[in-house]
1. Take every DSSP beta bridge with both residues inside the range 341-434 and express the antiparallel ones as a percent of the total, to the nearest 5.
2. Would you kindly calculate the mean projected area, averaged across all directions, of the convex hull enclosing the Cα atoms of the chain, in square nanometres?
3. With +1 on each Lys and Arg Cβ and -1 on each Asp and Glu Cβ, and nothing else charged, work out how big the dipole of the chain is about its Cα centre, in Debye to the nearest 20.
4. Count neighbours as other Cβ atoms within 10 Å of each site's Cβ, and list the GluC sites (Glu not before Pro) in the range 119-150 that are DSSP loop with at most 11 such neighbours.
5. In whole Å, what is the distance between the alpha-carbon centres of the range 79-108 and the range 169-225?
6. By average Cβ neighbour count within 10 Å, what is the ranking of 8-15, 307-314, 95-102, 47-54 from highest down?
7. How charged is the neighbourhood of MET72? Take every other residue with its Cβ under 12 Å from the Cβ of MET72, and add Lys/Arg as +1 and Asp/Glu as -1.
8. What distance in nm lies between label points placed 7 Å from Cα along the C-beta direction at ASN160 and MET94?
Amino acid sequence: MKNGQVELKDVVSLCKRRGFIFQDSEIYGGIGSVWDYGPLGVELKINVKKQWWKSMVYDRSDVEGLDAAILMNPETWKASGHVGSFQDMLSDCMGCKKRFRIDHLKGKDCPECGGSLTPPKGFNLMFKTRLGSVEDDAQEIYLRPETAQGIFVNFENILNSSRQKPPFGVAQIGKSFRNEITTGNFTFRSREFEQMELEFFVTPGEDEKWYDYWVSERLNWYLSLGIRKENLRIREHAKEELAHYAKKCHDIEFLFAMGWSEIEGIANRTDYDLKKHAELSGKSLQYFDSASGEGYIPYVIEPSGGIDRAALAFFVDAYRTETVRDRKRTYLSFDNRLAPIKVAILPLLRTNAEIVEKALKVRDDLRGDYRVVYDDTASIGRLYRRQDEIGTPYCVTVDVDSLSDGKVTVRDRDTMKQDRIDIAQLKTFITEKLVLC
Ligand code: ATP
């Protein structure tokens, strides 16, 4: 434990052992800061995305969804400023040859060996690739470093095809790529990652009000999904920290073992992006307000979160250990909506064919809307510990009595309290407890 949180090395180990996250192409020695989500990790990520989409799109009527492509016309990145200024300033150590981001350095010398550092130089974080089959004629393009630009270039399409007018937003979830220089801290800083971004278009002059609204909405989203208040904070960017497009920015930070770190940024992007795209494309990109008879380019408030960082924060925050009857118990106290597996069906005696048959029937009746697993590969004590460690909220045990009284035992992960429930009532009992979206 560090900073009251589980250390990332323990998270990495549990994630690998139980199938949440693996190193990408591990059999070849992996590739720097790229990760694969295993059977449980993919469920956790799907659940985070579902909750974000629910709160951003389904619970509202002023937001539309979008799924834009990763590859875009390279003019996009000229207009957005990414070709010119999406870079980190770097210094190399002349002694140990290690490379450092200037904004991560505390002193003038190498933090590793104390050697002298080279003068800072810029390094663009965008991955380049080529479009087309002929090398010579090929057009150099980029893998998108943020999903937001897909929304800006579709602004007119969405305005024309939906019934929305400012204030309204466009939500998008998708992969982004950054050739990060200083990596590490597990999935926190990956070169391929997923973002969940909302661009909320407002009338200029109303931007400050909407900005405050989104900062508080987004903070509440993390709290409502179970992250403890003391592990979240909001930090305003100082002037010199602001991105080239931002008038104001607040980060939502989570207290990881390595210290407070950004999991989401909320920025007032003003009319910067739409204006730049209008200039370079020659399209107007204005909203025409028929009431006033005037057109204007809306301001944009952007809550931009990372799914990998959110999933990691939910994981770290849920990690608990306690001693029960002289034995250490580790469990992930996920909110039910985020838990990868909702219910595990466990037969008390795997050698009893009738119990096994009944347990499999219980599993078949329950599954369909969420992940239900059956496990008979160990003693009941070990099976409970295995499910605790992956955060399964309910274990259902079928025993000899179940054959005569038609009841099963439902065990709660956090309290370990056990209830005897009629099999006929089980689905209703579990569904009410899960409160799924
Ligand atoms: P940092 O300062 O940590 O590099 P950033 O300020 O560049 O992050 P933004 O451009 O604001 O990040 O991106 C929005 C969100 O996307 C971040 O809050 C984070 O959750 C996620 N994100 C950005 N870069 C990465 C990355 N390399 N790996 C995982 N998630 C990332």
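Here, each number is a calculation from the coordinates, and none is a lab measurement. This one's a predicted model, so the numbers in the text were calculated from it and none came from an experiment. Cβ coordinates were reconstructed from backbone atoms using ideal geometry, including for glycine residues, and neighbour counts include every protein chain displayed.
1. Values: 9 of 17 bridges.
The antiparallel proportion sits near 55 percent.
2. Working: hull surface 108.9 nm².
Across all orientations, the chain yields a mean hull projection of 27.2 nm².
3. Numbers: 64 positive and 68 negative charges, 279 e Å.
The dipole magnitude comes to about 1340 debye.
4. Details: sites: GLU135, GLU140, GLU146; in loops: GLU135, GLU146.
Hits after loop and neighbour filter: GLU135.
5. 23 Å
6. Numbers: 8-15: 17.0, 307-314: 24.8, 95-102: 14.0, 47-54: 19.0.
Highest-to-lowest ranking by the protection proxy: 307-314, 47-54, 8-15, 95-102.
7. Net charge around MET72: 0.
8. 5.9 nm
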